[in-house]
Amino acid sequence: MKPLKEKFGNREAESITPQDMERWLADNVDENEWEPATVNRYKALISLAYRLGIENGKVEKNPAKLVKRRRENNARIRFLSEDEEKRLRAVMRKDYAEHLPELDFALNTGVRCGEQYALMWDCVDLKNKVLTIRLSKNGEMRHLPINDVALAALVELRGRHKGNAVFVRKSGEPILAPRFWFEPAIEEAKIDDFTWHCLRHTFASRLVMKDVNLTTVRELMGHKSIQMTLRYAHLAPKHLAAAVAVLCEPSKATNSQKTSTDTKTDTSASEPDVSSTSSVQQLIALQAVSAQAGL
């Protein structure tokens, strides 16, 4: 109830429109990572408040009825494909070029929308390539490395410096949220079912697909639980494929038995090579892959 009071507490109930509610819910999806189930619970709470208001003669209609209910699939991962990114960048170069550093930063740091647009220069160490998030969603401070692409974006933004806010327009005006340019760009690029938060999924997904282990991805994403990170495990199928592939490889013992003869002039070839460490290494690798995938 507290978020609702903070947003709408000072407004007349009749003045709040379905569009107001949609924008507020969408903002929280991007900035606070609300899952579809959370959005639906707040929609239901708002609808209940208006229904009681109608029953008691306080209001005449319930605007929450016109707010779209989200499909609940909290494990869903939507990330930007290479083709989609090309289309998005083409649109941005044409119409929203000054916002390209924001996109580059998001794709290469994976920070949450609220963390990104609240970032101040005193939390950015360009020399040592370290970013400090003073207060994450989990209420903890965390430090992130800055790669070359993110660094280039920050250097460009530094050239616009007219205060402590990192993300500003070329005029120096602070950018509080990306929706005003991001949603039109996504629509023009014909990218369906994609929000700003999906850029964070893209960051994590690309790391996993490039063989970065899940423990490291968890640290970079700032996940409190490894269960959150395990949502991306399916994007590294070759690790699982490599694990089961070892069962198809003939052992050295089998090979040596096939090449042995009935003569007793040399019996060493028919004995298993127990000194070999390859099978042990394979088992260790299999165990590591299984643990990483949460099996």
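The values are calculated or read from the model by the stated rules, or taken from the named source; none is laboratory data. All values reported here derive from a predicted model rather than from experimental measurement. When we count neighbours, we look across all protein chains shown, and the Cβ atoms used for this are built from the backbone with ideal geometry, even at glycine.
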Legend entry - helices (runs of 4 or more DSSP H) fully within the range 67-140 counting 1 or more residues that are farther than 18 Å from CYS198 by Cα: 82-95
Legend entry - Given (1) among the aromatic types (Phe, Trp, Tyr); (2) free of Cβ contacts under 8 Å to residues at least 24 places away in the same chain; (3) farther than 27 Å from PRO178 by Cβ, index of the condition TRP34 fails: (3)
Inset, instruction - Quickly run through the range 201-219 and pick out the residues that are touching a helix residue (DSSP H, G or I) at 6+ places or on another chain (Cβ under 7 Å) and either closer than 16 Å to TRP34 by Cβ or not small (Gly, Ala, Ser) (or both). - result: THR202, PHE203, LEU207, VAL208, MET209, ASN213, LEU214, VAL217, ARG218
Legend entry - GLU140 loosely packed, with under 13 Cβ neighbours inside 10 Å and in the same structural domain as GLU173 (by TED's automatic domain parsing): yes
Inset, instruction - Select from the range 207-233 the residues that are closer than 18 Å to SER81 by Cα and without any contact (Cβ under 8 Å) to a residue 12 or more places away in the chain and list them in ascending order. - result: LYS210
Inset, instruction - From the list GLU60, GLU33, pick out the single residue that is surrounded by fewer than 18 Cβ atoms within 10 Å (Cβ to Cβ), at positive phi and either hydroxyl-bearing (Ser, Thr, Tyr) or touching a helix residue (DSSP H, G or I) at 6+ places or on another chain (Cβ under 9 Å) (or both). - result: GLU33
